[in-house]
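The values are calculated or read from the model by the stated rules, or taken from the named source; none is laboratory data. All values reported here derive from a predicted model rather than from experimental measurement. We place every Cβ from the backbone using ideal geometry, glycine too, and count neighbours over all the protein chains shown. These area figures cover heavy atoms from the full protein model, side chains too; ligands, DNA and RNA do not enter into them. Shrake-Rupley method; radii C 1.70, N 1.55, O 1.52, S 1.80 Å.
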Amino acid sequence: MVNYLKASPPANKDTECGRSVRDTVAGIIEDVRARGDDAVREYSERFDNWSPESFKLTPDEIERIIATVPDQALSDIKTVQDRVRAFAVHQRNSLSDFEVETEPGVFLGQKNIPVSSAGAYVPGSRYPLVASAHMTVVTAKVAGVERVTACTPPIRGEVPAATVAALHLAGADEILLLGGTQAVAALAIGTESIGKVDMLAGPGNAYVAEAKRQLYGEVGIDLFAGPTEVLIIADKHADPFLVAVDLLSQAEHGPDSPAVLVTTSSTLGRRVIDEIDKLLVDMPTADFAEPAWRNHGEVVVVETLDAAYRLADRYASEHVQILTRNPREALEKMRNYGALFLGEGTCVSYGDKVIGTNHTLPTRGAANYTGGLWVGKYLKTVTYQEVTNPDASAALGTLCGRAARVESFEGHARSGDVRAHKFGGVELPWVRG
């Protein structure tokens, strides 16, 4: 039995606002495609009131900007990046190239090759997401990406110094003070002054996300991003105040961020609702957190933890936090989530900001089929083949001829026939004279 102490209305994915975003983004992309730098500059001036001589920061400018960042902030950036880098190195080392001889003289291999270039988008607007610099650039560099071009918008006409410092320390090869759809389009398409990249990574607002969606295929992307999501599974032993704080910590991302509690205790569920109401009274970010909780918050009571795991898998939430007596049980019981946070000593905010795993994660049910950004997203896993044994090539050629003709691919069949003839003496009946 499932009992909703608090439910949210079903989402309408094709709203008028959504259609407006799609149309606006499509127009900007086509304009950047047609007019290049002129279009980029026009939109930057219109949307961000920002039109410097060059969007690209010079080394001297970067040095001057970093000098304005407090020493403690720089130290913290380096500490977090060390953690992100260390985890990314472990991920990279888990991917191995190999070559096997599947039969005498037949060699099959696999290589993991980094993309040549990547664009890293770090949002600004109300919240300068400094941590996104670590997640996108550090990970790309550990993967071996040769050129990483980073874009971040000015914030109310000011340079986001901490973000620039983080991008530089992460290893970005180019840093552009440029945001929005115009930045994403410029990176994906290339302009007179901005080099085209092979893939795009990083979160952003609805316009940035839609631009990535429309440009996917022309350029690779990390994933399709939507509003931040959190789902907490809690039993009767959980601390309701802690649960409430953790739900609101993610609701503050935006007014459309879902925050869901699935619990086996109706008493806990009601206490969490009460605690949230109290916390929202003087929460500095209540202008985002309150509508997110009001319109997208849910509290669901189920009979058992197994039922909670099953329900959570149906949500396939970006962040899933386990606040139960035995949190590691979820590792065995669950399969659909962007990232799992186990026990009350762990919180989603650690993953967002400091712990070292990547915070760019799947939303809107995408955790059913993909994980988040990691080293492997910047790598192309490719294969190669070599046949050095004449007898093996002749046998493969004979087999290829038969298999291809079943599908009426005569050209394919003849490629096999030629090798069966060359290395095995098989006649070629389709050759005249």
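The charge dipole of the stretch 38-191, taken about its Cα centre with unit charges on the Cβ of Lys, Arg, Asp and Glu (plus for the first two, minus for the last two), comes to roughly 400 debye.
Annotation for the stretch 345-433: trypsin sites (Lys or Arg not before Pro) lying in DSSP loop with at most 11 further Cβ atoms inside 10 Å of their Cβ are R432. Using a simple spin-label model with pseudo-atoms 7 Å out from Cα toward Cβ, D391 and L108 lie 2.1 nm apart.
Of A404, A118, A34, the residue with the greatest mean-square motion in the GNM of the chain, using alpha carbon springs below 10 Å, is A404. Note on the stretch 146-190: Cα-only Rg and Dmax are 10.7, 32 Å.
Remark on the stretch 270-333: hydrodynamic radius 13.8 angstrom, per the Kirkwood mean of 1/r across alpha carbon pairs.
Taking amide H as placed 1.01 Å from N in the peptide plane, I175 has its amide H under 5 Å from the amide H of L57, A150, each at least 5 places away in sequence or on another chain.
Which of H134, H359, H90 moves the most in a Gaussian network model of the chain with Cα springs under 10 Å? Ranking H134, H359, H90 by mean-square fluctuation puts H90 first. For the chain, modelled as a GNM whose springs connect Cα atoms under 10 angstrom apart, the maximal fluctuation among L176, L108, L200 occurs at L108. Placing unit charges on the Cβ atoms of the charged side chains and taking the dipole of the chain about its Cα centre, the candidate lying farthest along the positive direction among F87, H134, V406 is V406. Rg and Dmax over the alpha-carbon atoms of the stretch 314-369 stand at 11.0, 29 Å. Positive-end ranking of V301, T360, N326 along the dipole of the stretch 276-433, with charges on Cβ about the Cα centre, is headed by T360.
Shape summary: the stretch 171-252 maps onto an equivalent ellipsoid whose semi-axes, from the alpha-carbon gyration tensor, are 37, 13, 11 Å in decreasing order. At the residue level, L342 shows approximately 40 square angstrom of accessible surface with a 1.4 angstrom probe and all protein chains present. Under a 5 Å amide H cut-off, with hydrogens placed 1.01 Å from N, K380 pairs with I113, V115 among residues at least 5 apart or on other chains.
P(r) for the stretch 17-143, from all Cα pairs and a bin width of 10 Å, is 9, 23, 29, 22, 11, 5, 1 %, short bins first. The Cβ shell under 12 Å around A339 holds other residues with a net charge of -3, Lys and Arg each +1, Asp and Glu each -1.
In the assembled protein chains, C17 presents an accessible area of approximately 90 Å² (probe radius 1.4 Å).
Charges were assigned to the Cβ only: +1 to each Lys and Arg, -1 to each Asp and Glu. The resulting dipole of the chain about its Cα centre is roughly 860 debye. Magnitude of the charge dipole for the stretch 264-388, about its Cα centre and with charges confined to Cβ atoms of Lys, Arg (+1) and Asp, Glu (-1), is about 320 debye. Near the amide H of I221, within less than 5 Å, lie the amide hydrogens of L200, all on another chain or at least 5 residues away, with H placed in the peptide plane. Our note on the geometry: Cα centres of the stretch 366-433 and the stretch 310-356, 44 Å apart. Annotation note: chymotrypsin sites (Phe, Trp or Tyr not before Pro) in the stretch 338-406 located in DSSP loop regions with a Cβ neighbour count of at most 15 within 10 Å are Y369. Using the Cβ of L305 as centre and a radius below 11 Å, the other residues enclosed give a net charge of 0, where K and R count +1 and D and E count -1.
Excluding the site residues themselves, the longest part of the chain lacking any GluC sites (Glu not before Pro) in a DSSP loop with at most 16 other Cβ atoms within 10 Å is 304-406.
Computed from these coordinates, which is Rg and Dmax of the Cα atoms in Å: (i) 26.6, 87; (ii) 26.2, 92; (iii) 20.9, 66? Among (i) 26.6, 87; (ii) 26.2, 92; (iii) 20.9, 66, the one derived from this structure is (ii). When nucleic acids and ligands are ignored and a 1.4 Å probe is applied, V245 ends up with an accessible area of around 60 Å². Rounded to the nearest 500, the helix-only mean residue ellipticity at 222 nm of the chain stands at -13500 deg cm²/dmol, with each DSSP H run of n ≥ 4 adding -39,500 (n - 2.57). Ranked by solvent-accessible area (1.4 Å probe, protein heavy atoms only, all chains present), the residues R19, R92, R271 order from largest to smallest as R271, R19, R92. For the chain, the solvent-accessible area works out to 49 Å² per residue, with a probe of 1.4 Å and every protein chain left in place. Local charge for I62 was computed over the other residues whose Cβ lies under 12 Å away, with Lys and Arg +1 and Asp and Glu -1, and equals -3.
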